[in-house]
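Undergrad: If you scroll down you'll find the structure; I have some questions about it.
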Amino acid sequence: MKFACFLAAAACLAAPHLHADDAAQADEARLFVPQFLGAQYTLIDQHQYRVHSPYAGPLSLKAGTDTARSHTFGGYFGVALPAHFQFYFDVEMFKGEGVSGATGMAGLPNGDVIRSGSASLGKTPYVARRFLRWTLPLGEETEDNERAMDQLPGKEAARRVEVKLGKMAINDDFDKNRYADGTRTQFMNWALFNNVAWDFAADTRGYTEGLMLGLVESGWSLRYGIYRMPTEANGSHLVQSLQKARGQQLELTVQPDKDGWALRALVFQNQASMGVYRTAIARALATGGVPDIRADDRPGRKKYGFGLNGELPLADDGDTGLFMRAGWNDGRNESFAFTEVDRTLSGGFQLSGAHWGRKQDHFSVGVAINALSSPHREYLERGGSGFVLGDGALNYGREQIVEAYYSFVPFEHLTLSPDFQFVRHPGYNRDRGPAKFAGLRAHVEF
């Protein structure tokens, strides 16, 4: 297998030198030959400064300083099949941990720790993605795809129907953004690389199984996805039947020019064994205890919401630009899969290093404001805990996050990113914080 992957990689590197009349033969030769599409290693070394903490609960940020280091490794493979089919297979591994055990805030400062899963999953390699992709061309116009993670090199129809089936990450296809999309190379805070009010279906590592249907046209695209939900909040196991539990989303993307502005509108609905905040509060008042959302989990409960996502290139071939996200969910049933946010607004900018003679570098700043629904807020005020929040009490205030990082590329394949984050009201608590985090990220990709 390793030898076949080596041959496939060599063929990809040689492909640009082939004559046009050899292209069809080259494409045919790649059928059934596994191709190595890339590998990555990301190190995040992060330090949390002392946090003002008059009281704490089981899931609070630590009051004292904390330093943690995380590592992710990944290898990515694909194979072209007849009739516009492709198969992708990715293997990853996570080691290390996040500061304060990756709890205490809705917008956690290290986005890579989502790949750690629960403690019982261990630190061994795991299958991240395993899916079949099929496209149906709708016209003669094509576009060139470069070799990349989960993207085979070659030509593909610009107008097409697209289908994906198998194990994948939902945010590979939804809520994309040119300037705020990947924690390994862009913003690290959860509230800036995804719409955190979108409680998308995923296990604790961030992956699920399901089906994505897409229609890609000139200037716009429409995608629908249905996926398996976890059996419990932040759970590592997925429900087997889509009839019992499922996460559905529909997203319209408008982008008249492939390299120009883009606006995405997302709606979603989850169905799972969720608890209801008001019910948990009423039960606690009747018994004199602390509300526990997990004690009222019942199948068939639903959560719905929507999100907006925009990007606006300004200069430097798009390397300088603005971005924004806004999200809302009903906040009636418990946060279940991603993090504990019911309303969010974020935005920021990226500035190309071309302005100081470093075209491959860039500097970025982002701001996010997270909020809770009234029942979610009251649940935490009365001492309830979710899966990332639980101070034992709450003096509510919107969680406010600022992150800045510099992406420095000393040479090809290596990116170094010093990063700083400042958070007011961590975990929505005015009595705690502010919290400050300084980090250094090293990302190797080839």
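Undergrad: Please check which bits of region 61-79 a label hung off Asp431 would reach, taking the label as a point 7 Å along Cα-to-C-beta and the cut-off as backbone N under 16 Å.
TA: Under 16 Å, as judged by backbone N against the label point of Asp431, lie 61-63 of region 61-79.
Undergrad: So if each residue of separation counts as 0.36 nm, and I subtract the Cα-Cα distance between Phe32 and Thr124, what length gain in nm does that give?
TA: Numbers: separation 92, 0.36 × 92 = 33.12 nm, distance 2.86 nm.
Additional length available on full extension: 30.3 nm.
Undergrad: Turning to a different aspect of this structure: Hey, with R₀ at 51 Å, roughly what FRET efficiency would Lys155 and Glu232 work out to, going by the Cβ-Cβ distance, to 0.05? Intermediate results must be reported in sequence, preceding the final value.
TA: Values: r = 44 Å, r/R0 = 0.87.
Once the sixth-power term is evaluated, E becomes 0.70.
Undergrad: At 7 Å along the Cα-to-beta-carbon direction for both Val254 and Ala83, put a label point, then send me their distance in nm to one decimal.
TA: Roughly 3.7 nm, to one decimal.
Undergrad: Separate question: With the Cα gyration tensor of region 258-312 in hand, give its eigenvalues times 5 under a square root as the equivalent ellipsoid semi-axes, listed largest first in whole angstrom. Don't skip to the end; give the middle numbers.
TA: Details: eigenvalues 296, 32, 9 Å².
Each semi-axis is the square root of five times an eigenvalue, giving 38, 13, 7 Å.
Undergrad: Using 7 Å Cα-to-Cβ label points, what is the Thr142/Leu213 separation (nm, one decimal)?
TA: Placing both labels 7 Å beyond Cα along the Cβ direction yields 2.8 nm.
Undergrad: Still on this structure: Would you kindly calculate the translational diffusion coefficient of the chain, applying Stokes-Einstein with the Kirkwood radius from alpha carbon pairs, for 4 °C and a viscosity of 1.567 mPa s, and quote it in µm² s⁻¹ without decimals?
TA: Details: Rh = 22.9 Å.
D, rounded to a whole number, is 57 µm²/s.
Undergrad: If the limit is 19 Å between Cα atoms, which of Lys176/Lys436; Lys244/Lys303; Lys95/Lys167 go over it?
TA: Details: Lys176/Lys436 27 Å; Lys244/Lys303 14 Å; Lys95/Lys167 22 Å.
Beyond 19 Å between Cα atoms: Lys176/Lys436; Lys95/Lys167.
Undergrad: Under 9 Å from the Cβ of Arg115, count the other residues' Cβ atoms, weight Lys and Arg +1, Asp and Glu -1, and hand me the total.
TA: Values: positive: Arg205; negative: Glu92, Asp112.
Taking every Cβ under 9 Å from that of Arg115, the sum is -1.
Undergrad: Moving to a separate point now. Please find, in a Gaussian network model of the chain (springs between Cα atoms separated by less than 10 Å), the residue of Asp259, Asp66, Asp319 whose mean-square fluctuation is greatest.
TA: Of the options given, Asp259 has the highest mean-square fluctuation.
Undergrad: Using a Förster distance of 56 Å, how high is the FRET efficiency between Phe408 and Tyr55, based on the Cβ-Cβ distance and rounded to 0.05? Don't skip to the end; give the middle numbers.
TA: Values: r = 40 Å, r/R0 = 0.72.
My answer for the efficiency is 0.90.
Undergrad: Using R₀ = 30 Å, calculate the FRET efficiency as 1/(1 + (r/R₀)^6) where r is the Cβ-Cβ separation of Leu222 and Ala393; round to 0.05.
TA: Working: r = 45 Å, r/R0 = 1.50.
That gives a FRET efficiency of 0.10.
Undergrad: I need to check one value: relative contact order of region 29-172, counting alpha carbon pairs closer than 8 Å and at least 6 residues apart, in percent.
TA: Values: 296 pairs, mean separation 32.7, N = 144.
Averaging sequence separation for qualifying contacts and normalising by length gives 23 percent for region 29-172.
Undergrad: Next question, about the same structure. So what is the calculated 222 nm ellipticity per residue for the chain, using -39500 (n - 2.57) for each DSSP H run with n of 4 or more, over all residues, to the nearest 500 deg cm²/dmol?
TA: Details: 5 runs with 44 residues, N = 446.
When only DSSP H runs of four or more count, the value is -3000 deg cm²/dmol.
Undergrad: Ok, one more. Would you mind getting the Kirkwood hydrodynamic radius of region 284-426 from its Cα pairs, rounded to one decimal in Å? Walk me through the numbers before you get to the answer.
TA: Working: mean 1/r = 0.0556 Å⁻¹.
Answer for region 284-426: a Kirkwood hydrodynamic radius of 18.0 Å.
Undergrad: When only C-alpha pairs under 8 Å and at least 6 residues apart count, what is the relative contact order of the chain, in percent? Numbers along the way, then the final one.
TA: Working: 1257 pairs, mean separation 67.1, N = 446.
Relative contact order, the chain: 15 percent.
Coordinate-derived values only; no laboratory data. These figures come from a predicted structure and were not determined experimentally. Neighbour counts are summed over all protein chains in view; Cβ atoms, including those assigned to glycine, are modelled from backbone coordinates with ideal geometry.
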